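Read the structure below first, then the notes.
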Amino acid sequence: MAKIRKGDLVEVISGPSQERGGFRGKQGTVLRVLPESDRVVVEGINIVTRHQRAGVNGQPGGIQEFEAPIHVSNVALVDPETKKPTRVGIRVEEVETNGITRTVRTRYAKKSGKDI
């Protein structure tokens, strides 16, 4: 089970501080998860510019800005209770419904113990 998923609120915990032009301390929502390279794309974080040539099918050219992926170890999930970065744990529970027992894995914030 992945500890960080699409739609999670995360905070950048490493890199240059915001005073030096970095993104450390900023929070954003995960737009994409790239598990093969252990990277995530976070909304508003790691903005890069690209000079794009006009396309054949009507795509405009010019300078475009988009979010580049950052390594998953540089972000931490935000605790829903305290709004601060926290580690993620996984709880395994046995749930019985209609006589059938299933194992259910849930993510939780280690600082507050709340389910995510």
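None of the figures in this text is laboratory data; all of them are computed from the coordinates on show. Predicted, not measured: the structure shown is a model, and the values here were computed from it. We place every Cβ from the backbone using ideal geometry, glycine too, and count neighbours over all the protein chains shown.
Based on the Kirkwood approach, the hydrodynamic radius assigned to the chain is 16.5 Å, with every pair of different Cα atoms included. Note on the chain: GNM, Cα springs under 10 Å; of T106, T29, T86, the largest mean-square fluctuation is that of T106.
Relative contact order, whole percent, for the chain stands at 19, derived from Cα pairs under 8 Å and 6 or more residues apart. Among A54, A68, A76, the largest mean-square fluctuation in a Gaussian network model of the chain (Cα springs under 10 Å) belongs to A54.
Could you tell me what fraction of 2.2 N^0.38 Å the Cα radius of gyration of segment 60-116 comes to, as a two-decimal ratio?
Values: Rg = 18.6 Å, N = 57, 2.2 N^0.38 = 10.2 Å.
Rounded to two decimals, the normalised Rg is 1.82.
Treating r as the C-beta distance of F66 and T103 and R0 as 35 Å, the FRET efficiency rounds to 0.30.
Here the simple spin-label model places points 7 Å from the Cα toward Cβ, and for A54 and I13 these points are separated by 4.8 nm.
Multiplying the residue separation of S112 and R91 by 0.36 nm and removing their Cα-Cα distance gives an extension gain of 6.2 nm.
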